[in-house]
1. Using a 1.4 angstrom probe on the protein heavy atoms only, could you order A:L174, A:L6, B:L41 from most to least accessible area?
2. So, counting K/R as plus one and D/E as minus one, what does the shell of residues with Cβ under 12 Å around B:S52 add up to?
3. Rounded if a/c is under 1.5, else prolate if a/b beats b/c, else oblate: with a ≥ b ≥ c from the C-alpha gyration tensor eigenvalues square-rooted, which is region A:1-96?
4. Which order do A:H65, B:H30 take by accessible area at a 1.4 Å probe, largest first?
5. For A:S161 and B:R56, what is the calculated FRET efficiency with R₀ set at 25 Å and r taken between the beta-carbons, to the nearest 0.05?
6. Ranked by accessible surface with a 1.4 Å probe, highest first, in what order do A:M135, B:M26 come?
7. In the structure shown, do any of A:K15/B:K57; A:K25/B:K48; A:K171/B:K38 have a Cα-Cα gap over 18 Å, and if so which?
8. Which of the pairs A:K64/A:K86; A:K130/A:K176; A:K60/A:K150; A:K126/A:K176; A:K126/B:K17; A:K60/B:K77 have their Cα atoms more than 23 Å apart in this structure?
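The values are calculated or read from the model by the stated rules, or taken from the named source; none is laboratory data. Just so it is clear, the structure is predicted and the values come from calculations on it, not from any experiment. Neighbour counts run over all protein chains shown; Cβ positions are idealised from the backbone, glycine included. Areas reflect the complete protein model, heavy atoms only, side chains present, ligands, DNA and RNA absent. Shrake-Rupley method; radii C 1.70, N 1.55, O 1.52, S 1.80 Å.
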Amino acid sequence: MNEDTLYIEQFLEGKEAGFEILVRKYQDRVLNIVYSLIGKDRESEDIAQEVFLKVYQGLKFFKKHSQFSTWLYRITVNTTYGFLRKRGRFVRDEGAIEGGAAAGEGPRGTLLIKERAAMLRAALEKVPVKFRAAMVLKDIEGLSYSEIAKILRCSIGTVESKIYRARQFLKAELVKEGGEAI
Amino acid sequence: MKECAKVKRMLSRYLDKELKDSESAMIDAHLTGCSVCKKELSELSLVKKLVSGIERKTLPQDYLVSRLREQIADEKKHAKGFPLVGIGSLARRLIPVPAFAIIAVTLFLVINSMRGVSENSLEDNMLNGNTVTAEMALGVILGAQN
């Protein structure tokens, strides 16, 4: 029995602490996936909260032979997709880009790093979400293609194609936005 | 050229170490003699490095836990005030089923009772030589279906 299953068992026995340990363990990972897909701080936090609320309500239906993290990431991606669908389309939020052009203080090196980070975020936001999700799960979360396939409910071949296209897209965007980062 | 197209399609998987050993060896061999694919690999590798190194956001340890505690407590309180909220979405979806069943049974009983009245009225009226209304005839037709 892995650690997560143990916490789930505790929660199902009525100990809320089991659920809270899972929240603390995964909150940053969930937040970073959401943020990479929507690019908004405040809303990312709200979506992360919604994800864990769904987990809280759905843990009694969770199949113990499955991997908790796979199930959690699937909820995360689907909840974020739901948010994007409601919003109609992906809206770029300049204010959400870390550092941004407003970073006018500090040594020139720090400014350059911030500018590059902002450029990367901006370029990332232009990658279509359906490709971006696979790339984020691979490059930010470090998941395997087979785990990503389970989360996105598609074949490994589709995952491969999505990641390849996302990288191509991002490369083109970075070149277009100045090319310094690449 | 044909091989380049095949290799390019596999470069992401190569980079992510998701290829079989034999496939990786094939890519290695191709890359030694193809500067175009080599350049493509180096660019993809840089993109991967950039995304992997993106600054991670972190939340204070109990930030979400306290927000969730509040939300869950609110929902539980709300569920007490509105018992239907607490019975689960499946049950809520099933509520219309008994409602429809009640309507169907009521309709059946009304029609059945109408049938008795209409049949009698129709027969009585016919025997008495009175006018037979459409309503009476309808009652007989509905009755005839059972």
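1. Descending order: A:L6, B:L41, A:L174.
2. Computed value for this residue: +1.
3. prolate
4. Largest accessible area first, the residues go A:H65, B:H30.
5. 0.40
6. B:M26, A:M135
7. A:K15/B:K57; A:K25/B:K48
8. A:K64/A:K86; A:K126/B:K17
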